[in-house]
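First up is the structure itself, then whatever we jot down about it.
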Amino acid sequence: MRAYVFPGQGSQVKGMGASLFDRYHELTAQADEILGYSLQDLCLEDRHQCLNQTQYTQPALYAVSVLSYMQQVEEAGKEPDVLAGHSLGEYTALYAGGAFDFGTGLKLVQQRGQLMSKIEGGAMAAVIGLTGDQVMRVLHDSRLSSIDIANYNAPRQIVITGPKQDIEKAGRFFEAAGASMYVVLKVSGAFHSRYMKECQTQFARYLDHFTFNSLRIPVLANLTGMPYAQDEVKSNLVGQLAAPVCWTDSIRYLLAHEAQIEEIGPGNVLTRLVQNIASEAEPLDLRGKITLTDTIDWLARNDESKEKQQTDDLGDRKIKLSAVTLGCEQFRQDYRVQYAYVTGAMYKGIASKELVVRMGKAGMLSFFGSGGLSLQEIEAAIGYIQRELVKGQPYGMNLLHHPDKPQVEEHLVELYLKHGIQNVEAAAYMGITPALVRYRAHGLRTRADGTIETTHRIMAKLSRPEVAEAFLSPAEGKLIQRLTEEGLITSEQAKLLPLVPMADDICVECDSGGHTDMGVAYVLVPVIMKLRDELQRKYNYSKRIRVGTAGGIGTPEAAAAAFVMGADFIVTGSINQCTVEAGTSDSVKYMLNQMNVQDTDYAPAGDMFELGAKVQVLKKGVFFPVRANKLYDMYKFFASIDDIDAALRQQLEEKYFKRNLDQVYEDVKKYYSPAEIEKAERNPKHKMTVVFKSYFANSTRAALMGDEQQKVNYQIHCGPALGAFNQWMKGTPWERWTNRHVDEIGKHLMEETSKLLKERLSKWGF
């Protein structure tokens with residue numbers, strides 16, 4: 001297998017392309033016409049010393065690399081098997097892969113160079129001798145929070161980027177940590193960092209003028225180090241501007257395929273990096289990853305002419321329709337994701353740290369299931385996720401409302417602020433709390449142009465219009481005043497809070513696993529969207545609030561229905577619980593793998609037992625929903641445990657709790673606060689409540705641990721979407737849960753949804 005790699009900015013040299021311009025004179029003339037100056041004079045003469053200026057460097061290097069590639073293919077007599085490019089070099093790789101023609105690529109890099117040349121006040125530096133983890137540790141320990149990692153060039157060659165003064169002073173910290181060299185690079189901007197946001201926005205608008213072809217040859221993406229999926233050209237090129245270049249992972253991926261790697265273009269910078277990576281790092285472990293063979297086979301099976309057609313006629317308009325154009329583009333840009341697709345939080349770490357990392361590395365958003373976990377467990381999960389993911393790879397954490405224990409929520413917000421968590425999924429809220437407002441406030445700042453930046457994004461998961469209204473509105477003045485007086489937010493943050501809604505995104509939850517109000521998407525989603533539009537006009541927000549939906553999404557038909565209704569994004573839950581990465585027991589996964597759409601039921605929610613709230617759970621193969629509902633009926637009927645007749649009490653002790661109820665109460669006392677136990681001692685009804693609620697805790701624990709002796713009591717939150725997904729997957733490699741990986745099924749669902757919508761539009765005459 002042969003791989004061609006193309007260099008990025010920094011490889012330019014006076015005299016490059018000398019033997020190419022006459023050989024490819026037609027393309028050289030086309031370049032002169034597009035650029036408005038002589039490419040040949042710039043590269044060979046450079047009379048005005050422009051070659052090292054970004055706006056000239058990028059188009060010149062792209063053009064010479066393309067011509068070098070053409071020469072190489074002509075001489076070799078065949079194209080390579082796979083392509084990759086470092087930063088700017090990715091454009092040459094995409095040209096070679098068939099994404100666009102020479103002229104289109106030149107226009108793109110010319111615009112990119114012009115935008116990047118306007119970035120000032122930033123700097124970059126190469127840290128030699130330290131690993132990426134060591135660099136991150138130095139940044140954290142030295143409180144250099146303004147600096148990002150820009151390039152993972154080799155295992156011990158990391159490029160950092162940030163404000164110029166911070167980059168200049170950072171050298172002493174890295175040298176003290178053992179770096180063999182610290183070299184400030186000759187650039188004017190903090191490229192591949194958070195400081196490229198405005199550049200990203202402008203470049204994204206420019207890319208809207210272009211339509212890209214499907215790839216003929218696999219191209220590795222700087223964002224992920226993995227092959228491009230189809231229709232990812234725009235999202236990757238926009239995301240690449242503000243995310244690290246994962247060059248080490250790209251080369252390790254090629255090494256795992258035993259590829260012969262050859263640098264094409266000026267210089268030999270990449271050749272040296274490849275040698276360093278090969279000597280210092282192991283080939284990438286391909287288990288669970290899409291291989292080059294899979295990618296090449298997939299490209300070969302698809303009819304090229306159909307794949308190149310990225311637009312469908314709709315009357316006199318043209319619409320773009322693909323997996324990466326479904327939903328809201330701004331959503332994808334804000335979260336730096338490829339798809340308007342999210343995996344939601346599942347409590348007790350079922351949406352595990354491994355699941356979140358797998359999604360993040362695939363450029364997809366996932367929320368960790370922090371509900372029911374201790375602060376220590378949550379902090380450990382954050383540490384794992386932040387170590388495994390690089391800057392710019394998306395992830396979020398669940399922020400669960402605790403109506404009876406507000407201090408739990410406050411401590412969780414403290415933890416998220418401490419660790420710089422920028423995305424949260426707010427769930428089970430009935431209104432806005434001080435802790436939620438505090439989190440929102442700490443992510444607000446004013447940009448240089450006077451607009452407000454919200455770096456702490458809140459996705460509110462809800463199923464009631466009155467709750468949606470609270471999140472669609474700004475924080476209440478009383479809460480803002482209280483937090484200001486307590487010193488929990490600054491006066492500047494207090495001034496900005498009335499100008500923004502409490503949520504960036506509303507996720508309308510319908511017929512989902514776990515807590516649900518049994519809402520119907522076709523009824524609830526339009527109502528919430530109408531409410532959003534009304535409040536958007538009322539408060540005149542500068543940025544549109546997005547509305548997505550969750551629950552019942554396990555097939556392309558369901559996802560297509562959501563997008564046709566106008567959903568800006570979709571969130572899946574139940575289908576992810578039956579994957580390799582989910583943090584529940586294999587026993588549960590095998591049970592879920594066998595369920596159908598009719599195999600769920602509603603039961604009381606253990607955490608809101610007294611309120612009568614319901615959760616949707618698996619009923620096939622378990623007694624939990626029947627027994628849980630019976631406990632709630634007894635709670636309503638009896639005033640105390642002593643009122644329960646002997647026969648019924650014996651049934652509870654033998655079947656439900658497996659021990660005497662008095663023993664259950666003694667065990668329960670170990671887990672409740674003294675105040676709670678004192679209340680139970682005074683109030684027989686409350687004593688019965690805490691005993692009954694222990695059944696719910698034990699049934700959850702048994703399911704998570706896979707306790708086969710307690711299998712009939714498993715509490716497994718699940719919606720019918722998984723049953724539909726199981727039916728859809730029959731006869732495919734994903735029929736068995738052991739082959740299901742959370743990112744792969746998400747991508748497959750989005751791709752098939754796009755295909756289905758195209759088929760429907762064609763059938764309807766569009």
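Worth pointing out:
- Residue under evaluation VAL580, criteria (1) in a loop (DSSP other than H, G, I, E, B); (2) under 26 Å from SER463 (Cβ atoms); (3) not aromatic (Phe, Trp, Tyr), criterion not met: (2)
- Count - residues of the stretch 352-373 that are assigned to a loop (DSSP other than H, G, I, E, B) and out of contact with any strand residue (DSSP E or B) (no Cβ under 6 Å at 6 or more places or on another chain): 6
- Residue within the stretch 518-539 that is in a strand (DSSP E or B), farther than 15 Å from PHE471 by Cβ and open to solvent by less than 50 Å² (accessible area, probe 1.4 Å) present: no
- Qualifying positions in the stretch 618-666 - farther than 26 Å from ARG682 by Cβ, in contact with a Pro (Cβ under 7 Å, 6 or more places away or on another chain) and open to solvent by less than 70 Å² (accessible area, probe 1.4 Å): ALA628, ASN629
- The stretch 52-86 - residue that is touching a helix residue (DSSP H, G or I) at 6+ places or on another chain (Cβ under 6 Å) and in a loop (DSSP other than H, G, I, E, B) and, of those, least open to solvent (accessible area, probe 1.4 Å): HIS86
- Extreme residue, surrounded by the most Cβ atoms within 10 Å (Cβ to Cβ), among residues of the stretch 213-227 that are within 17 Å of the chain's Cα centre (by Cα) and in contact (Cβ under 8 Å) with a residue 60 or more places away in the chain: ASN222
- Matching residues, the stretch 439-469, being assigned to a loop (DSSP other than H, G, I, E, B), surrounded by fewer than 13 Cβ atoms within 10 Å (Cβ to Cβ) and more than 20 Å from the chain's Cα centre (by Cα): ARG447, ALA448, ASP449, GLY450, THR451
The rows are residues; the columns are (1) under 28 Å from THR549 (Cβ atoms); (2) open to solvent by less than 10 Å² (accessible area, probe 1.4 Å); (3) touching an Asp or Glu at 6+ places or on another chain (Cβ under 6 Å).
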| position | (1), (2), (3) |
| --- | --- |
| ILE716 | yes, yes, no |
| PRO720 | yes, no, no |
| ALA724 | yes, no, no |
| MET729 | yes, yes, yes |
| TRP734 | yes, no, no |
| THR738 | no, no, no |
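- Residue-level check: of (1) part of a loop (DSSP other than H, G, I, E, B); (2) more than 11 Å from LEU241 (Cβ to Cβ), HIS192 misses just (2).
- Note on the stretch 18-43: among residues that are over 19 Å from GLY113 (Cβ atoms) and in a helix (DSSP H, G or I), the one that is most open to solvent (accessible area, probe 1.4 Å) is GLU26.
- Considering (1) modelled with pLDDT of 95 or more; (2) under 18 Å from TYR347 (Cβ atoms); (3) in a helix (DSSP H, G or I); (4) not aliphatic (A, V, I, L, M), the lone condition that TYR590 does not fulfil carries the number (2).
- Cβ-Cβ under 8 Å pairs, at least 6 apart or on other chains, the stretch 725-754 side of a type in the set (Phe, Trp, Tyr), far side open to solvent by 70 Å² or more (accessible area, probe 1.4 Å): TRP737/TYR590
Yes or no, residue by residue, for (1) more than 30 Å from ASP249 (Cβ to Cβ); (2) surrounded by fewer than 21 Cβ atoms within 10 Å (Cβ to Cβ); (3) touching a residue at least 24 places away in the same chain (Cβ under 8 Å); (4) over 23 Å from the mean Cα position of the chain (by Cα):
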| position | (1), (2), (3), (4) |
| --- | --- |
| GLU388 | no, yes, yes, no |
| TYR395 | no, no, yes, no |
| ASN398 | no, no, yes, no |
| HIS402 | yes, yes, no, yes |
| VAL408 | yes, yes, no, yes |
| VAL413 | yes, no, yes, no |
| LYS418 | no, yes, no, no |
| ILE432 | yes, no, yes, yes |
| VAL437 | yes, no, yes, yes |
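- Residue match in the stretch 199-212 (condition: crowded, with 24+ Cβ neighbours inside 10 Å, part of a loop (DSSP other than H, G, I, E, B) and either free of Cβ contacts under 8 Å to residues at least 12 places away in the same chain or not hydroxyl-bearing (Ser, Thr, Tyr) (or both)): no
- Selection from the stretch 579-629 of residues that are among the hydrophobic types (A, V, I, L, M, F, W, C) and in contact with a Ser or Thr (Cβ under 9 Å, 6 or more places away or on another chain): VAL580, ALA582, LEU592, PHE609, VAL615, VAL617, LEU618, VAL622, PHE624, ALA628
- Inter-residue pairs, beta-carbon under 7 Å, first in a helix (DSSP H, G or I) and in the stretch 593-604, second not charged (D, E, K, R), 6+ apart: ASN593/CYS578; ASN593/ASN726; ASN593/TRP737
- Output for the stretch 470-496, where each listed residue is under 30 Å from MET529 (Cβ atoms) and either aliphatic (A, V, I, L, M) or surrounded by 19 or more Cβ atoms within 10 Å (Cβ to Cβ) (or both): ALA470, PHE471, LEU472, PRO474, ALA475, LEU479, ILE480, GLN493, LEU496
- Residues of the stretch 240-263 satisfying the condition of being part of a helix (DSSP H, G or I) and closer than 23 Å to VAL66 by Cβ: GLN240, TRP247, SER250, ILE251, LEU254
- Enumerated helices (runs of 4 or more DSSP H) restricted to the stretch 264-339, each holding at least 2 residues that are farther than 26 Å from THR572 by Cα and modelled with pLDDT of 75 or more: 269-280, 292-301
The values are calculated or read from the model by the stated rules, or taken from the named source; none is laboratory data. Keep in mind the model is a prediction, meaning the values are calculated, not measured. Cβ sites come from the backbone with ideal geometry, for glycine too, and all protein chains shown count toward neighbours. Quick note on the areas: whole protein, heavy atoms, side chains included, nothing else; ligands and nucleic acids left out. Shrake-Rupley method; radii C 1.70, N 1.55, O 1.52, S 1.80 Å.
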